[in-house]
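S.K.: Got a structure for you, written out below as structure tokens; questions coming shortly.
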Amino acid sequence: VNPFSLATRIVFHTRAQMATFISVPLKKSSEVDLVKPLSKFVTSTYPPGEEQTESLRAVEELNKLRKSALGRPLDKHESSLEILLRYYDQLCAIEPKLPFTELCLTFTWKDAFDKGSLFGGSVKLALASLGYEKTCVLFNVGALASQIASEQNLDNDEGLKTAAKFYQLASGAFAHIKDTVLSALNREPTMDISPETVGTLSQIMLSQAQEVFVLKATADKMKDAIVAKLANQAADYYSDAFKQCQYKENLPKEVLPVLAAKHCMMQATAELHQSALAHQKKKFGEEIARLQHATELVKTATSRYDEYVNVKDLSDKISRALTAAKKDNDFIYHDRVPEVKDLEHIGKASLVKATAIQTPLSQKFTDLFEKMVPMAVQQSMSAANSRKADTVNRLIGSMREATNLCNGVLASLNLPAALEDLSGDAVPQSILEKSRAVVQQGGLQSIEQLIKDLPELLQRNREILDESLKMLDDEETTDNELRGKFNQRWNRTPSGDLYKPLRAEGNNFRNILDKAVQADQVVKERYTAHCEMIALLCKPENELSAAIPSANPTKTLQGSEVVNVLRAQLAQLDEVKREREVLEGEVKSVTFDMTAKFLTALAQDGAINEEALTTSELDTRYGSHTQRVQQNLRRQEELLSQIQVSHQEFSALKQSNSEANNREEVLKKLASAHDSYIEISCNIKEGTKFYNDLTEILLKFQNKCSDIVFARKTERDELLKYLQQSIAREPSAPSFNIPSYQSNTPAPASGGPTPGPRIKMFTQFNLKCNFVILLLSLRYYQMPMAYNPYAYAQFNMPYMPYQAQGQAGYPGAPPAQQPYPYPQQPPQQQPYYPQQ
């Protein structure tokens with residue numbers, strides 16, 4: 001027998017009753033550290049607090065549960081099966097809650113039957129797939145259930161019931177794998193969990209469950225008609241199992257004779273009990289015909305499959321019954337014995353059904369991550385938070401645009417400085433206040449230093465991003481080289497396919513940096529245009545006064561009606577601006593949580609219409625604020641129109657001369673320079689914060705790249721080790737057919753050299769040398785082991801999977817008219833600027 005054959009691992013349990021039962025060996029898994037990646041996901045997704053603490057505790061418990069279920073030998077007892085069931089239930093419960101495809105968790109499992117070689121199937125398979133882990137755990141559920149069933153004492157009623165129960169559970173587990181394994185893995189599985197293998201195992205387990213019911217019916221002395229139908233159905237099940245095995249090389253040849261023998265035995269049992277029914281109906285010829293047929297079936301089982309099954313008890317029963325029936329018919333009844341083909345078919349009755357795999361399988365199961373919401377809800381929450389941030393930015397942005405417009409109009413009209421400058425020679429009070437505000441904020445020096453720092457911050461982010469993508473490039477290059485050398489034997493997911501999401505994320509970061517560079521340029525150009533007047537505002541009052549041209553006094557206007565009207569209108573405009581500041585604070589303070597509504601929608605409909613639910617909630621929460629903002633903007637528009645009319649009247653009353661015009665022009669520029677300084681300073685500070693926050697995000701992206709590259713390196717090393725062991729296991733080089741023209745070459749003289757073994761040994765030696773050279777030529781890369789994905793900070797970026805709650809995305813490029821080009825912050829942070 002091939003030492004790697006499935007046959008060497010199938011376990012046959014022989015019972016005194018006549019039965020041999022097949023059980024399935026457990027798959028073995030390599031140890032996996034669940035704590036590190038899951039804990040980092042939890043800490044990067046949930047803020048510090050009770051929820052994070054409970055989730056971290058649940059991660060520890062999950063790791064312990066896996067070790068209990070897979071990290072030690074399991075007894076053939078229901079308590080061991082309970083641990084497996086709990087672990088499987090927990091995997092199913094946690095699957096929608098954690099992004100396992102992003103966590104780089106690789107699960108390695110060995111083929112339960114050790115089938116495979118260097119040029120054949122794979123002894124073990126490592127995949128970064130939770131579906132693969134679930135499939136293998138469920139296989140062990142079926143395997144252990146079959147072992148527990150086969151260990152039962154079938155001499156008592158309790159043992160029979162338990163065996164039937166667990167055979168049906170095993171059948172259901174294997175059947176479920178058959179239906180789901182290809183979609184769960186998205187690749188060719190190992191031979192033990194292939195649909196063909198598990199489908200056959202499911203049928204075998206169902207057949208054995210039906211046979212147990214035959215034994216129970218016999219022990220309970222049920223009517224012969226019932227036992228006959230049960231046995232005939234068992235024979236039919238075994239026949240189906242035999243047909244599934246007959247043409248499949250992946251199942252052992254030793255299984256076939258067991259199934260064939262079981263078919264014969266169950267058919268013989270059915271005929272035995274049907275003959276008793278014929279005797280009761282006084283059909284003595286039919287009785288003899290059925291017993292003769294049963295005898296032939298038993299003889300077949302004995303002659304062909306005696307080493308696999310024990311049919312002595314059944315054979316003795318049939319022999320005694322046939323002897324008695326013939327004696328009575330010969331001396332008393334003289335009934336004609338019909339041909340077997342003329343006998344009426346025995347009915348069938350099935351009492352078994354593969355147990356449906358519906359979670360939870362364990363009655364004691366409690367979800368360790370019960371309070372953690374599913375990923376669908378987390379993604380919906382992220383999208384809802386982004387919509388909320390857009391709404392808030394839109395409202396606040398419209399108010400700030402209105403404030404900028406107001407400031408621009410007043411600056412163009414030299415208001416309120418024109419009303420304060422009726423003397424014509426002193427510096428207007430509003431200009432002095434603006435000058436003090438600029439000086440208090442650091443003046444030109446603070447802006448120039450911030451502008452100087454921007455390129456360094458940009459370069460730091462570019463270097464982190466380039467290094468991250470280079471790690472992916474290097475590992476992918478190595479993977480492609482090994483795939484080219486090993487061809488189909490290099491049977492792991494190509495790095496290029498695995499890295500597509502990361503590369504898309506990296507390209508998104510690169511686009512964000514490019515747009516940030518454009519924003520930097522806009523700010524620098526604006527600074528260049530206003531730096532001269534900003535510098536003037538930074539001078540002492542006497543120098544500022546000297547720099548402003550003098551004009552003829554216009555004191556006659558101080559008590560005019562036009563001046564009084566204009567001042568009243570400006571006071572009303574100031575009130576409108578203060579009202580907007582209050583509105584802005586109210587808009588920022590609105591909070592609400594969509595978790596409950598999303599969970600309800602997911603439970604009721606199986607999906608979440610996030611857009612409809614969020615839009616409805618936003619309309620409810622911000623509807624009144626939107627109306628008040630619109631009213632405020634309309635009021636400002638009316639006032640500005642009135643102010644412009646009043647200013648025209650005011651200008652007509654003023655003495656018009658070149659000195660006055662020059663003075664008014666300088667005052668306008670100084671007012672505009674103040675507004676530009678505040679705006680530029682705010683923009684640069686936002687830009688600095690943007691680059692610093694982006695650095696943290698890129699470091700986490702770098703850690704994620706580093707982690708997956710390290711996981712791929714570990715997987716690569718394991719696969720190389722397996723290939724090396726496979727080479728070592730090969731007893732010799734592959735044999736080659738001798739060409740026909742050499743087939744008649746005379747044998748060497750007696751005592752001469754024998755070339756065959758030397759050629760064979762030399763070929764084998766070359767193969768192994770080449771493999772060693774290949775191993776020595778491989779390049780290895782030591783990657784950092786840091787790991788911290790998913791925390792995307794607080795930027796309003798386009799949605800990417802698994803952002804933390806409260807996060808928004810990065811901005812797009814600002815429109816030309818937008819005065820605030822840098823990425824904006826979410827509602828809970830300062831400052832707020834409109835977003836594209």
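S.K.: Which GluC sites (Glu not before Pro) from segment 161-252 combine a DSSP loop assignment with at most 15 other Cβ atoms within 10 Å?
M.R.: Details: sites: 196, 211, 249; in loops: 249.
Listed in order of number, the matching sites are 249.
S.K.: Give the calculated FRET efficiency between residue 693 and residue 662 to the nearest 0.05, with a Förster radius of 56 Å applied to their Cβ-Cβ distance. Show your work: numbers first, answer last.
M.R.: Details: r = 46 Å, r/R0 = 0.82.
It comes to 0.75.
S.K.: Could you order the peptides 463-474, 165-176, 46-57 from most to least packed, using the average number of other C-beta atoms within 10 Å per residue? Walk me through the numbers before you get to the answer.
M.R.: On the way: 463-474: 16.4, 165-176: 26.3, 46-57: 13.2.
Going by the mean number of other Cβ atoms within 10 Å, highest first, we get 165-176, 463-474, 46-57.
S.K.: While we're looking at this one, here's another question. I'd like the per residue volume of the convex hull spanned by the Cα atoms of segment 242-339, given in cubic angstrom. Could you put the intermediate results ahead of the total?
M.R.: Details: hull volume 8.9 nm³, N = 98.
So the per-residue hull volume is 91 Å³.
S.K.: Sorted by average packing, counted as other Cβ atoms within 10 angstrom per residue and highest first, what order do 85-93, 33-41, 604-612, 361-369 take? Display every interim value, and only then the final one.
M.R.: Values: 85-93: 22.0, 33-41: 18.2, 604-612: 12.7, 361-369: 15.4.
So the peptides 85-93, 33-41, 604-612, 361-369, ranked by packing, come out 85-93, 33-41, 361-369, 604-612.
S.K.: Right, another one. Which of the lysines could a cross-linker bridge to residue 28, judged by Cα under 18 Å and excluding same-chain residues fewer than eight apart?
M.R.: Within reach: 64, 67, 76, 110, 115, 124, 134, 721.
S.K.: Apply the a/c threshold of 1.5 to the C-alpha gyration tensor of segment 288-351 and tell me whether it is rounded, prolate or oblate. Let's see the in-between values first.
M.R.: Values: a/c = 2.19, a/b = 1.41, b/c = 1.56.
Judged from the Cα gyration tensor, segment 288-351 comes out oblate (a/c at least 1.5, b/c at or above a/b).
S.K.: Separate question: For a test of the definition: using alpha carbon positions, the gyration tensor, and the 1.5 limit on a/c, classify segment 28-342 as rounded, prolate or oblate.
M.R.: prolate
S.K.: Using the Karplus equation 6.51 cos²θ - 1.76 cosθ + 1.60 (θ = phi - 60°), what ³J(HN,Hα) coupling, rounded to whole Hz, does each residue of segment 635-642 give in order, writing x for Gly and Pro?
M.R.: For segment 635-642, the Karplus curve yields 4, 5, 4, 5, 5, 4, 5, 5 Hz.
S.K.: Among 132, 234, 169, whose Cα lies farthest out toward the positive end of the dipole of segment 28-342, if unit charges sit on the beta carbon of Lys, Arg (+1) and Asp, Glu (-1)?
M.R.: The one lying farthest along the dipole's positive direction is 234.
S.K.: Let me ask something else. Name the long-range amide H neighbours of residue 22: under 5 Å, sequence gap of 5 or more, or other chain; modelled H, no Pro or chain starts.
M.R.: Here 13 satisfy the definition.
S.K.: May I pose another question? List the GluC sites (Glu not before Pro) within segment 269-366 that DSSP assigns to loop and that have no more than 12 neighbouring Cβ atoms inside 10 Å.
M.R.: Values: sites: 271, 286, 287, 296, 307, 339, 344; in loops: 307, 339, 344.
Filter output for segment 269-366: 307, 339, 344.
S.K.: Quote the accessible area belonging to residue 151 in square angstrom, nearest 10, computed with a 1.4 Å probe and with ligands, DNA and RNA left uncounted.
M.R.: Only protein atoms counted, so the area is about 90 Å².
S.K.: Right, something else. When the accessible area of segment 28-342 is computed with all protein chains present and a 1.4 Å probe, what percentage of it is carbon and sulfur? Mind showing how you got there, number by number?
M.R.: Numbers: 6540 of 13300 Å².
For segment 28-342, the apolar C and S fraction of the accessible surface comes to 49 percent.
S.K.: How big, on average over all directions, is the shadow cast by the Cα convex hull of segment 340-492, in nm²?
M.R.: Numbers: hull surface 110.6 nm².
Over every viewing direction, the Cα hull of segment 340-492 projects on average to 27.7 nm².
S.K.: Subtract the Cα-Cα distance of residue 500 and residue 319 from 0.36 nm times their separation in residues, and report this length gain in nm to one decimal. Spell out each step's value before the answer.
M.R.: Details: separation 181, 0.36 × 181 = 65.16 nm, distance 7.14 nm.
That works out to 58.0 nm of additional length.
S.K.: Take the Cβ-Cβ distance between residue 196 and residue 483 as r, set R0 to 25 Å, and report the resulting FRET efficiency rounded to the nearest 0.05. Walk me through the intermediate numbers first.
M.R.: Details: r = 27 Å, r/R0 = 1.08.
Once rounded, the FRET efficiency stands at 0.40.
S.K.: Here is a further query. When the scattering of segment 80-169 is computed by the Debye formula from its Cα atoms alone, each counted once and equally, what is log10 I(q)/I(0) at q = 0.12, 0.24, 0.26 Å⁻¹?
M.R.: -0.52, -1.14, -1.22
S.K.: If you stretched the chain out fully between residue 532 and residue 394, how much longer would it get, using 0.36 nm times the residue separation minus the C-alpha to C-alpha distance? Working shown, then result.
M.R.: Values: separation 138, 0.36 × 138 = 49.68 nm, distance 3.33 nm.
Between residue 532 and residue 394, full extension yields 46.3 nm more.
S.K.: Mind checking the full-extension length gain between residue 243 and residue 459? Use 0.36 nm per residue of separation minus the Cα-Cα distance, one decimal, nm.
M.R.: Working: separation 216, 0.36 × 216 = 77.76 nm, distance 6.82 nm.
Extra length available between residue 243 and residue 459 comes to 70.9 nm.
S.K.: A further question on this structure: Simple spin-label model, 7 Å along Cα-to-Cβ: residue 375 to residue 678 in nm?
M.R.: Taking the simple label geometry, residue 375 and residue 678 are separated by 4.7 nm.
S.K.: Go through segment 261-272 residue by residue and turn each phi into a ³J(HN,Hα) via Karplus (6.51, -1.76, 1.60, θ = phi - 60°); whole Hz please, and just put x for glycine and proline.
M.R.: Once θ is set to phi - 60°, the couplings for segment 261-272 become 5, 4, 4, 4, 5, 5, 5, 5, 4, 4, 5, 4 Hz.
S.K.: Please calculate how many Å² of accessible area segment 28-342 carries per residue, with a 1.4 Å probe and no DNA, RNA or ligand atoms counted. Write out the running numbers ahead of the final one.
M.R.: Working: 13300 Å² over 315 residues.
The answer is 42 Å² per residue.
The values are calculated or read from the model by the stated rules, or taken from the named source; none is laboratory data. Keep in mind it's a predicted model, so treat the numbers as computed, not measured. Cβ atoms come from the backbone with ideal geometry, glycine included; neighbour counts cover every protein chain shown. With ligands, DNA and RNA removed, areas are computed over all heavy atoms of the protein, side chains included. Shrake-Rupley method; radii C 1.70, N 1.55, O 1.52, S 1.80 Å.
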